[in-house]
Amino acid sequence: MTALTKLFRTTTFRLSLTYLALFSVAAAVAIFFIYWNTTVLLSRQINQTIDAELTGLAEQYRAGGLGQLVRIVAERSDTPGNSLYLVADKDGKQLAGNLSAVSPQLWDSVGPVEFVYSRPASGGVERRLAFANVFRLPGGYRLIVGRDIEDRRELSQLILTTMLWGLGAMALVGIGGGYWVSRKLLTRIDGLAATTRTIMAGDLAGRLPVSGSGDELDRLSQSVNLMLARIEQLMAGLREVSDNIAHDLKTPLNRLRNRVEEALREPQDETAYRDVLERTIEEADGLIKTFNALLSIARLEAGAGGENRDTLDMAALVHDVAELYEPVAEERGIALTAHAADPIIIHGDRQLLGQALANLIDNALKYGAPSGGVDNGWAPEVDVRADARDGVARIVVSDRGPGVPGPERDRVLGRFVRLEASRSEPGSGLGLSLVVAVARLHGGRLRLEDNEPGLRVVLSLPMEGDALINGAVVEPPAEKS
């Protein structure tokens, strides 16, 4: 397909031609209406002028007969203008008037008639168009009263010529404008198509170009770019899950296999076999729990889940989850407090938000006390607070443990990431990843801060609206400090 054929087949060019045709028809109708009204007006004026002259000449004829008529016609013929007169006898001999000769057709006519006459002009004789009324008088005499309408004919011709040239120029400008607009649009479309081919080839980092004009193509490109960013994020998450499964789950699977091989290698009594089986089941439960967590995170990041959203009180949820962990905190010797006085109404999935809050409190209880017997001057405590401001609900979980170094705070939000200080506690490194996925599904965000000493985790959620719209994350309003 040639570039010109490709251009002619574009929707923009076809629409331009359609609009041009419609506008041309409308313009032609308007010009014809003007032409027709102008012609009717000029014809009416000529008829009224001729009728007025005929009325006057008839009065003169009744008052003074043929002689009076001849004398008045002779006087009027000497007056310059477009009026035409002729009084002739039955043989066609001119008695008075400025029409020197008439054709046989005009002489035999009666009433209104258009005819061509000749008159002297510079360089010779010119033929002009005229309109007249022909009357037969007693005795075979003729009275012809008319007007020169050559100017009207020239005006009509001018209007017709102007209309044709105008329509031609309009067609030329319309086709040229359609070509220019289509060419410009086709260039942008080709750029978008080239980018999409690059993306289909595997480069998910490619983005559709945005000109900055804010037109519909820019809005479409921005929407598609958001979609591509979401797809890239999901694909990166999929690759990360695959890598994590390949690397982080390999060790416990090997450990499980080695334990079973060791039990089979040497004869054991029933108690030993039972102990190996119990530890194997415990290890398998841990692997199943890890797989379930990975599936939950992948499902949430894909925009699924959260079907049971309803209006709920975040303050009540904080108190309920904190109450469930009070025995665990008491067993560990950590003071667990919850503060959320006023009702904080949000729209979300109670089960997912409860799981996210439980993960945060569980992490704080695990790592909320100074490790290695080091006393940092603070009693072990975990504080859970909920508040709302500027349309954002916040859950803040603070502890007095070793905390997370600043450069590591973004990294620990990933899957299977565990710092050295947390290796002594059981876990898979998926707790915070699940909280991040729940926050994203609800349009929120998770932020780690320094509690001086310890760690402060802030979960921010919008109080109104849904989180995911066609897979695009809607960020909560910016918090004011």
Scan of the stretch 190-228 for residues that are in contact (Cβ under 8 Å) with a residue 24 or more places away in the chain, part of a helix (DSSP H, G or I) and of a type in the set (A, V, I, L, M, F, W, C), ordered by number: LEU192, ILE199, LEU217, LEU226, MET227, LEU228
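Would you check if ASP342 is buried (at least 22 other Cβ atoms within 10 Å of the Cβ) and either within 26 Å of ASP313 (Cβ to Cβ) or within 47 Å of the chain's Cα centre (by Cα) (or both)? It would help to see each step written out before you state the result.
Details: buried (at least 22 other Cβ atoms within 10 Å of the Cβ): no; either within 26 Å of ASP313 (Cβ to Cβ) or within 47 Å of the chain's Cα centre (by Cα) (or both): yes.
Taking the combined requirement at face value, the residue does not satisfy it.
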Filter result (within 26 Å of PHE291 (Cα to Cα) and among the acidic types (Asp, Glu)) within the stretch 250-279: GLU261, GLU262, ASP275, GLU278
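Confirm whether ASP91 is in a loop (DSSP other than H, G, I, E, B) and among the acidic types (Asp, Glu).
Criteria met by ASP91.
Conditions tested, residue by residue: (1) closer than 30 Å to GLU283 by Cβ; (2) at pLDDT 80 or above; (3) not aliphatic (A, V, I, L, M).
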site: VAL374; (1), (2), (3): no, no, no
site: PRO407; (1), (2), (3): no, no, yes
site: LEU413; (1), (2), (3): yes, no, no
site: PHE416; (1), (2), (3): yes, no, yes
site: LEU432; (1), (2), (3): yes, yes, no
site: VAL438; (1), (2), (3): yes, yes, no
site: ARG447; (1), (2), (3): no, yes, yes
site: LEU455; (1), (2), (3): yes, yes, no
site: LEU459; (1), (2), (3): no, yes, no
Matching residues, the stretch 314-346, being in contact with an Asp or Glu (Cβ under 7 Å, 6 or more places away or on another chain) and either under 16 Å from GLY444 (Cα atoms) or assigned to a helix (DSSP H, G or I) (or both): ALA315, ILE344, ILE345
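Any residue at all in the stretch 144-156 that's outside any helix (DSSP H, G or I), closer than 17 Å to THR49 by Cβ, without any contact (Cβ under 8 Å) to a residue 60 or more places away in the chain and of a type outside the set (Lys, Arg)?
Looking for residues that are outside any helix (DSSP H, G or I), closer than 17 Å to THR49 by Cβ, without any contact (Cβ under 8 Å) to a residue 60 or more places away in the chain and of a type outside the set (Lys, Arg), one finds none in the stretch 144-156, hence no.
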All positions within the stretch 150-205 that are touching a helix residue (DSSP H, G or I) at 6+ places or on another chain (Cβ under 8 Å) and charged (D, E, K, R): ARG152, ARG183, ARG188
Whichever residue in the stretch 257-274 is modelled with pLDDT of 80 or more and within 29 Å of GLY431 (Cβ to Cβ) and, among such residues, is surrounded by the most Cβ atoms within 10 Å (Cβ to Cβ): VAL260
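The values are calculated or read from the model by the stated rules, or taken from the named source; none is laboratory data. Here the structure is a predicted model, which is why all the values come from computation and not from measurement. Note that each Cβ is placed from the backbone with ideal geometry, even for glycine, and that neighbours are counted across all protein chains shown.
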